[in-house]
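Below is one structure, written out as structure tokens; the observations come after it.
Any read-out appearing in this document is the output of simple, stated calculations on the displayed coordinates, not a laboratory observation. Just so we're clear, the structure is a prediction, and the values are computed from it rather than from any experiment. We place every Cβ from the backbone using ideal geometry, glycine too, and count neighbours over all the protein chains shown.
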Number of protein chains: 2
Amino acid sequence: MTASELLIRTLMVRDKLSAEEIEALRALPVRERAFGRGEAIVEAGSEPRESCLLISGFAGREVLLDDGGRQITALHIAGDFVDLHALMLKVMDHGVVALSDCSCAFVQHTALVQLTSTHPHLSRMLWLLTLIDSAVQRQWMTSMGRRSALEQIAHLICELYTRMEIVGLARGGQMSAPLTQTVLADALGLSDVHINRTLKALRQISSLTWKAGVISIASFDALAELCDFDPGYLNLVQRPR
Amino acid sequence: MTASELLIRTLMVRDKLSAEEIEALRALPVRERAFGRGEAIVEAGSEPRESCLLISGFAGREVLLDDGGRQITALHIAGDFVDLHALMLKVMDHGVVALSDCSCAFVQHTALVQLTSTHPHLSRMLWLLTLIDSAVQRQWMTSMGRRSALEQIAHLICELYTRMEIVGLARGGQMSAPLTQTVLADALGLSDVHINRTLKALRQISSLTWKAGVISIASFDALAELCDFDPGYLNLVQRPR
DNA sequence: CGTCAGATTGATATTCATCAAGATCGGTGG
DNA sequence: CCACCGATCTTGATGAATATCAATCTGACG
């Protein structure tokens with residue numbers, strides 16, 4: 001699927017778009033580029049002149065520390081407008097990295113600013129996307145601060161599954177998730193060893209499988225129950241915005 | 001200071017505003033209201049029709065869990081447009097609570113939407129404010145996941161001091177911070193007992209004082225050094241946005 | 001067959017939570 | 001003015017959660 005169609009679909013999950021708006025999105029000029037796993041898509045400290053929409057693969061935002069530690073603050077999947085932030089922030093306070101092989105579409109900031117000027121509603125919709133990112137961050141913080149490692153992992157899996165399902169990348173309790181346990185550790189703020197052990201425990205109590213980059217969930221509801229997952233924060237409802 | 005002047009100042013830290021834009025902001029109709037400490041400013045699950053700008057006092061965003069736990073995901077001070085999120089998200093996935101006595105200004109969503117339609121640049125500036133919130137969240141996540149409790153507290157103090165200084169509420173190493181240790185614990189994802197002990201350690205190694213709601217920092221630089229604080233993420237620079 | 005990244009496991013140390021008990025302090029009613 | 005009260009801060013003792021260090025195991029792949 002092309003970048004604009006992906007974006008249109010992502011937006012239409014949250015609100016109706018007029019034919020004219022859809023046209024405007026289709027008219028956005030994009031430059032496509034592939035990244036290998038581990039490659040930096042946007043460097044921390046840089047000042048990008050374009051924003052990146054993820055067409056396929058997994059990407060993450062990361063903050064790196066002096067001592068070599070890193071915190072992944074967000075995971076992104078196909079259809080996510082990964083780097084709208086740079087549009088307003090100008091200087092990247094974090095990096096975006098490919099967690100699997102990725103295909104990206106870049107849109108010039110000038111084109112996006114133009115779009116926000118001529119289409120206030122689309123402007124709000126893009127704003128909305130970043131606000132949903134914020135809501136996801138709130139849930140991650142809640143997990144890190146107040147949920148057990150087990151619940152934390154379960155919650156992340158529920159979130160990922162829900163998001164993947166929306167874009168047609170998950171179904172029947174199965175989804176591809178080519179994430180290393182170390183990546184998971186950096187995302188959840190835990191050590192990789194602890195992730196390994198907790199994952200083992202989770203497999204045992206919830207008949208869940210995570211092998212060769214594929215997660216299989218026996219019962220999503222049971223998993224959601226376990227970690228008190230409520231998808232409301234993902235804003236998967238059409239509403240005038 | 002009035003709500004609009006506060007907002008104008010907050011925005012002008014990040015970009016220049018035209019006289020006409022300043023006029024438009026001044027013309028925003030606001031309704032003011034006071035809240036006592038502990039009072040809910042915006043209820044989780046509600047669907048506000050107006051957004052809240054903090055005129056004075058401290059407020060927090062909080063996510064509550066089944067088991068009675070809570071995670072505070074953001075702290076807000078005078079000048080912060082606390083609840084722009086509701087403008088797009090419609091349903092609150094979290095609550096906003098007064099952490100001290102607060103004075104708030106509410107702006108109707110209809111007025112804000114109107115503003116975003118007629119003033120694309122102001123629209124982007126409001127968007128920017130929420131993106132800065134996001135950047136702050138990233139730092140908090142980094143602290144929670146990868147910094148020690150000591151560094152985490154130090155980092156929060158550095159951030160708060162920097163933000164307070166901008167709006168003229170801190171100077172000479174002193175600022176008012178009427179926050180309970182329990183509030184701090186809920187914000188950092190730690191237990192209140194642990195906060196107490198770590199705070200004691202921090203007082204000893206960095207000649208810092210926190211008494212009767214007033215924080216005194218002997219050397220900001222030393223504190224910043226301790227936790228690797230870099231204010232870049234707060235976007236305290238004027239730039240065309 | 002060797003290599004390498006990732007997963008797994010064991011042993012041990014550290015950090016942090018929990019439970020319980022004072023201590024401090026501002027406010028309040030008598 | 002004083003006794004009391006509740007909220008907050010403080011401290012100690014103990015246990016659970018998690019990190020760290022060090023091997024070993026597995027599987028893909030040249």
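Odds and ends about this structure:
- 12 Å beta-carbon shell around A:Thr198, net charge (K/R +1, D/E -1): +2
- Across the stretch A:78-93, computed HN-Hα scalar couplings (Karplus, 6.51 cos²θ - 1.76 cosθ + 1.60, θ = phi - 60°) run 3, x, 7, 8, 4, 10, 4, 3, 4, 4, 9, 6, 6, 9, 6, 8 Hz from first to last residue, x flagging Gly and Pro.
- The distance separating the Cα centre of the stretch B:66-116 from that of the stretch A:64-129 comes to 23 Å.
- Each Cα pair under 8 Å and six or more residues apart adds its separation to the average, and for chain B the resulting relative contact order is 22 percent.
- For chain A, the longest principal axis of the alpha carbon atoms and the long axis of helix A:109-118 meet at an angle near 70°.
- Shielding by partners for peptide A:118-130, expressed as the average number of C-beta atoms from other protein chains within 10 Å of each residue's C-beta, is 4.
- Per-residue Cβ neighbour counts within 10 Å put B:His155, A:His121, B:His194 in the sequence B:His194, A:His121, B:His155, beginning with the fewest.
- With eigenvalues of the C-alpha gyration tensor scaled by 5 and rooted, the stretch A:148-234, Å: 18, 14, 13
- For the protein assembly as shown, the fraction of alpha-carbon pairs in successive 10 Å shells from zero, as %: 4, 20, 31, 28, 14, 3, 0
- Simple rule: put +1 on each Lys or Arg Cβ and -1 on each Asp or Glu Cβ in the stretch B:59-213, find the dipole, and look at B:Thr142, B:Gln204, B:Phe81; the Cα lying farthest toward the positive end is B:Gln204.
- Of the three principal axes defined by the Cα atoms of chain A, the extents in descending order read 53, 40, 30 Å.
- Tilt relative to chain B, helix B:120-146 - C-alpha long axis, 0 to 90 degrees, to 10: 20 degrees
- The label-point distance for A:Val13 and B:Lys16, in a model that sets each label 7 Å from Cα toward Cβ, rounds to 4.1 nm.
- Compactness of the stretch A:3-136 - radius of gyration and Dmax, Cα, Å: 14.5, 51
- Net length gained if the chain between B:Ser117 and B:Ser219 were fully extended (0.36 nm per residue, minus Cα distance): 32.1 nm
- Dipole of the stretch A:1-139, positive direction: furthest Cα of A:His109, A:Leu64, A:Val91, with charges on the beta-carbon: A:His109
- Between the helical axis of A:149-166 and the longest alpha-carbon principal axis of chain A there is an angle of about 40 degrees.
- Under the convention that each Lys and Arg Cβ holds +1 and each Asp and Glu Cβ holds -1, the size of the dipole of the protein assembly as shown around its Cα centre is about 80 debye.
- Using a 7 Å Cα-to-Cβ projection, A:Arg203 label spacings across copies, nm, ascending: 4.9
- For the stretch A:148-234, a crude dipole built from +1 on the beta carbon of Lys and Arg and -1 on the beta carbon of Asp and Glu, taken about the Cα centre, is about 400 debye to the nearest 20.
- Sorted shortest first, the distances from the B:Ser219 label point to those of the same residue in the other copies are 6.0 nm; each point sits 7 Å from Cα along Cα-to-Cβ.
- For B:His76, neighbours were defined as the other residues whose beta-carbon sits under 13 Å from its Cβ, and their charges (Lys and Arg +1, Asp and Glu -1) total -3.
- The stretch B:174-200 and the stretch A:196-241 have Cα centres spaced 32 Å apart.
- For chain A, size of Cβ-based charge dipole, Lys and Arg +1, Asp and Glu -1, in debye: 360 debye
- When B:Gly36 is represented by a point 7 angstrom out along its Cα-to-C-beta vector, the spacings to that point in the other copies are 6.5 nm, nearest first.
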